[in-house]
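Novice: Dropping a structure here in structure tokens format, bear with me for questions.
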Amino acid sequence: MSDTTPTPDALAAPTVPAGDDGLIDLDDANAGVEITIPAYTNHKPSDQIPVTWNDATNQRANTTTDKA
């Protein structure tokens, strides 16, 4: 039996407001860096988006969903 669940679609690049100046410095990092993942189609509540910083991956990031 094959999985007929649609895959995520219309993926756009994330935004990182703290990096708008081209750099996330120590002050930014200490304050916490917010990453916004734009809405995409065919998402599921169980979807996970790991964030990798250099060689470290954070799979337990705080997330919210904008349903607007």
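The values are calculated or read from the model by the stated rules, or taken from the named source; none is laboratory data. It should be emphasised that the depicted structure is a prediction, and the values quoted were computed from it without experimental measurement. Cβ atoms come from the backbone with ideal geometry, glycine included; neighbour counts cover every protein chain shown.
Novice: For Gly32, only one of the following conditions fails: (1) under 18 Å from Asn58 (Cα atoms); (2) surrounded by 10 or more Cβ atoms within 10 Å (Cβ to Cβ). What is its number?
Specialist: (2)
Residues checked against (1) at pLDDT 85 or above; (2) part of a loop (DSSP other than H, G, I, E, B):
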position: Ser2; (1), (2): no, yes
position: Asp21; (1), (2): yes, yes
position: Glu34; (1), (2): yes, yes
position: Pro38; (1), (2): yes, yes
position: Lys44; (1), (2): no, yes
position: Gln48; (1), (2): no, yes
position: Thr57; (1), (2): no, no
position: Arg60; (1), (2): no, yes
position: Ala68; (1), (2): no, yes
